[in-house]
Amino acid sequence: MLRERGEMTGYEWKPEYELGDVTIDTQHRQLLELANLVLEACARGRDERVIWKTFSALHHYTSTHFDDEEKMLAAAGSPLLEEQRRQHVALTAELKQLWTASRLNLLQDVMESLSSWLASRLIPHMMQADREARWGHLGGEAEAGKDRTAA
Ligand SMILES: [Fe+2]
Ligand SMILES: [Fe+2]
């Protein structure tokens, strides 16, 4: 999954990541792009300040994305809200811990730990819990029909 092409390092978007909701898919793409910026900054041996700023942006955007998902699930009265919330709290804490630990170590550790977090935690969350949420169908068929009529 991790691509390394010359100086390029990161995760390419794959068709199977698409969940069919434009808001969620756009945000997921953005998350991977931000993560790739961190990985590339590390791979290129960029100034540490650049790496931490990029990492901070990733952390911030991850929280924003999780908040948006939870708002959508709450608005639809989805029974999946609590499980999503539980996973989001864990993922956010892991990312923050990874960031804090990385600041004390070598840059190579940032790449390895962030890559492994993406592969083992964030992408599986997108593929499983987020897929189960069926964003496009939240609110039931009546709501979905109303949206289509309005569009
Ligand atoms: Fe998500
Ligand atoms: Fe989620």
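Just to be sure before I move on: is TYR11 of a type in the set (Phe, Trp, Tyr) and in contact with a strand residue (DSSP E or B) (Cβ under 8 Å, 6 or more places away or on another chain) in the structure I sent?
Spelling it out, TYR11 is indeed of a type in the set (Phe, Trp, Tyr) and in contact with a strand residue (DSSP E or B) (Cβ under 8 Å, 6 or more places away or on another chain).
Given region 26-130, what helices (runs of 4 or more DSSP H) lie entirely inside it while holding 2 or more residues that are out of contact with any strand residue (DSSP E or B) (no Cβ under 8 Å at 6 or more places or on another chain) and within 11 Å of ligand 2 (Cβ to nearest atom)?
Per the criteria, 48-75, 81-103, 123-127.
Quick one: what pairs do we get from region 63-86, first residue of a type outside the set (Asp, Glu), second at pLDDT below 95 and in a helix (DSSP H, G or I), C-beta under 7 Å, 6+ apart or different chains?
MET72/TRP135; LEU80/GLU132
The values are calculated or read from the model by the stated rules, or taken from the named source; none is laboratory data. The model shown is predicted, which means the values in this text are computed figures rather than measured ones. Here Cβ is always computed from backbone atoms with ideal geometry, including for glycine, and neighbour counts include all displayed protein chains.
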